[in-house]
Amino acid sequence: MNNFVNTLVERKGELLNDTLQHITISLSALLLAMAIAIPLAILVVHHKKVGEILLQVTGVLQTIPSLALLGLLIPIVGIGSVPALIALVVYALLPIFQNTYVGLAEIDPAIEEAAVAFGMSRLRRLIKVEIPIALPIIISGIRSALVLIIGTATLAALVGGGGLGNLILLGIDRNNTALTLIGALASASLAIIFSALINLLQKAKPRVTGLVLVALICGLGGYSVYQKQAANQETITIAGKLGAEPDILINMYAQLIKAADPQAHVVLKSNFGKTSFLFNALKSGQIDLYPEFTGTVLDSLVKVPQTVDKSKLTANETYQEANRLLAKQAQLRLLAPMAYQNTYALAVKQTFATKHGLQTISDLQKVLPQIKAGFTLEFIDRADGYKGVKAKYGLTFPSVQGMEPSLRYEAINQNKINLIDAYSTDSELARYGLVVLQDDRQLFPDYRGAPLMSQAFAQKHPQIVTALNQLAGKISAAEMTAMNYQVNVKKKSAASVAQNYLVKHGLLKGDN
């Protein structure tokens, strides 16, 4: 309980910001869904066949898995709040359309005939008779849609859309139950509160309901204007992949930039997503820079000429080739890398390695039938990951499960799996008593991290390039592992760990 309270106090700023983001995207999606579904239901209510078809269509849309829908939207509209907003609108259409359609269709024909007898026009009947009678059912559909939206909106964090999903994902990644619980409880609380408010509207007069909707639209509109005005000031957006290490690095970047230019407005987007998300976000201008690794560039982000043998490149040659191809193919620039290697690795428990005499990846051939692997989805799909293991080592494991990064460590600790992919600087290796198997056939390339940005950004901000280049050749593997341990195990904030390193090594003044 103390851990929960301490985490709540420590993260209150993030909780407030994420809650506001969650409310904004949820209510925006609700209003858009209402603007589509309600008029559509009104138009087709007297055309039964068309209405039935639309009910089927909205029903089918709601069955599309949320992750699949987000994946389909990203190539079209990019990442951020837009794909999340579209997905939420899609899911909200069915309950609103269905209840509006049913509410209007089931009005007593005698009432309709009386309204016609009084000489009411179609529009007047709709406003004065039909909508007021159907309003309780319509609002019930709106309430169902909003509860659905608020729960589903946590997935927005997977595509950089913000909201309370940030806290949930961060808690999962850091194995911080309190943080995950705070995000989940906040989301559930929002659903309960807004459901109760809509329930009150259901009992109110139509005029009151209309005024509330107008106030809601004005409020969201005002907030959007405020955000646009705030965006007039140039913002330097730094994003990081999932995990403690990227979080530490982006905090270092931010602190170095602020030290070089105290007026700079820096926004951090930690746990922004996987490699492809960040790379696409950088190319589309949604973020300005993020930490990337030389080996990842050559294996996943650029097309390497067939004349280049990546396995024979030195660490410096890997960086030079990665930077050259980024500039040529994507107009991006990778700054000078840090010292430590954060290469991929395969790891097993020390007890398992000792029992079966495992020292190298090739040794896994001896226990191949016993292997139960848990790999990240990214590792499974990469040429320098499981695909490379199969090609270079001839190892096809009988059981391979795709897992989120932090979950695979929990799984191997509980003996549900016995082989995982890891990064060589992961603090969990020591925490869970794991041993890294030697890459005896040199599958995994050189991985040194450095800030990746567009060439245009680098040219426009030479002072930022100078500030970030202070990290070139710095941070040993032992230092990075120790910092990861401070965040993951000691539960220290990435910002404080980053600051301590920079101050200790004279890159930042102690009072910054």
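Going by what's in this entry, would residue 384 be described as touching a residue at least 60 places away in the same chain (Cβ under 8 Å) and more than 30 Å from residue 454 (Cβ to Cβ)?
When the stated conditions are applied, residue 384 does not pass them.
Of all the numbered requirements in (1) exposed (fewer than 14 other Cβ atoms within 10 Å of the Cβ); (2) touching a helix residue (DSSP H, G or I) at 6+ places or on another chain (Cβ under 6 Å); (3) not assigned by TED's automatic domain parsing to the domain that holds residue 426, residue 396 misses one, and that requirement is (3).
Checking each residue in the range 297-327 for being touching a residue at least 24 places away in the same chain (Cβ under 8 Å), surrounded by fewer than 16 Cβ atoms within 10 Å (Cβ to Cβ) and among the charged types (D, E, K, R) picks out only 303.
Give the residues of the range 157-172 that are within 12 Å of the chain's Cα centre (by Cα) and either of a type in the set (A, V, I, L, M, F, W, C) or part of a helix (DSSP H, G or I) (or both), sorted by residue number. Those that are within 12 Å of the chain's Cα centre (by Cα) and either of a type in the set (A, V, I, L, M, F, W, C) or part of a helix (DSSP H, G or I) (or both): 157, 158, 159, 164, 165, 166, 167, 168, 169, 170. Within the range 349-367, does at least one residue satisfy the condition of being part of a loop (DSSP other than H, G, I, E, B) and more than 29 Å from residue 434 (Cβ to Cβ)? No, the conditions are met nowhere in the range 349-367. Residues in the range 429-438 that are in contact with a Lys or Arg (Cβ under 9 Å, 6 or more places away or on another chain) and crowded, with 19+ Cβ neighbours inside 10 Å: 434 only.
Of everything in the range 362-381 that's crowded, with 16+ Cβ neighbours inside 10 Å and free of Cβ contacts under 8 Å to residues at least 40 places away in the same chain, which residue is nearest to residue 276 (Cα to Cα)?
Filtering the range 362-381 for residues that are crowded, with 16+ Cβ neighbours inside 10 Å and free of Cβ contacts under 8 Å to residues at least 40 places away in the same chain, the one nearest to residue 276 (Cα to Cα) comes out as 380.
Restricting the range 322-343 to residues that are part of a helix (DSSP H, G or I) and closer than 22 Å to residue 475 by Cβ, which is nearest to the chain's Cα centre (by Cα)? The residue in question is 326.
Against the condition modelled with pLDDT of 95 or more, touching a helix residue (DSSP H, G or I) at 6+ places or on another chain (Cβ under 9 Å), aliphatic (A, V, I, L, M) and not assigned by TED's automatic domain parsing to the domain that holds residue 352, how does residue 498 come out, does it pass?
The answer is yes for residue 498.
Say we look at the range 157-176 and pick out the residues that are modelled with pLDDT of 85 or more and farther than 13 Å from residue 11 by Cα; which of these is surrounded by the fewest Cβ atoms within 10 Å (Cβ to Cβ)? Residue satisfying both the conditions and the ranking: 165.
The set of residues in the range 220-266 being of a type in the set (D, E, K, R), in a loop (DSSP other than H, G, I, E, B) and modelled with pLDDT of 90 or more consists of 261 alone. Only residues that are over 19 Å from residue 78 (Cβ atoms) and touching an Asp or Glu at 6+ places or on another chain (Cβ under 6 Å) were counted across the range 271-305, and they come to 3.
Listed by position, the helices (runs of 4 or more DSSP H) enclosed by the range 402-488 that each have at least 3 residues that are at pLDDT 90 or above are 405-413, 455-460, 462-468, 477-488. With respect to residue 66, is the statement that it is in contact (Cβ under 8 Å) with a residue 60 or more places away in the chain, surrounded by 13 or more Cβ atoms within 10 Å (Cβ to Cβ), polar (S, T, N, Q) and under 30 Å from residue 269 (Cα atoms) true? Yes.
Among the residues of the range 369-400, those identified as closer than 19 Å to residue 447 by Cα and basic (Lys, Arg) are 382, 387, 392. Does residue 14 satisfy the criteria of being acidic (Asp, Glu), assigned to a helix (DSSP H, G or I), assigned by TED's automatic domain parsing to the domain that holds residue 104 and without any contact (Cβ under 8 Å) to a residue 60 or more places away in the chain? In short, no. Inside the range 368-383, residues that are assigned to a loop (DSSP other than H, G, I, E, B) and modelled with pLDDT of 95 or more make up a count of 1. Would you check if there is a residue in the range 139-153 being hydroxyl-bearing (Ser, Thr, Tyr), part of a helix (DSSP H, G or I) and within 28 Å of residue 277 (Cβ to Cβ)? Checked the range 139-153: at least one residue is hydroxyl-bearing (Ser, Thr, Tyr), part of a helix (DSSP H, G or I) and within 28 Å of residue 277 (Cβ to Cβ).
The values are calculated or read from the model by the stated rules, or taken from the named source; none is laboratory data. As the structure is a prediction and not an experimental result, all values here were calculated from the model. Cβ atoms come from the backbone with ideal geometry, glycine included; neighbour counts cover every protein chain shown.
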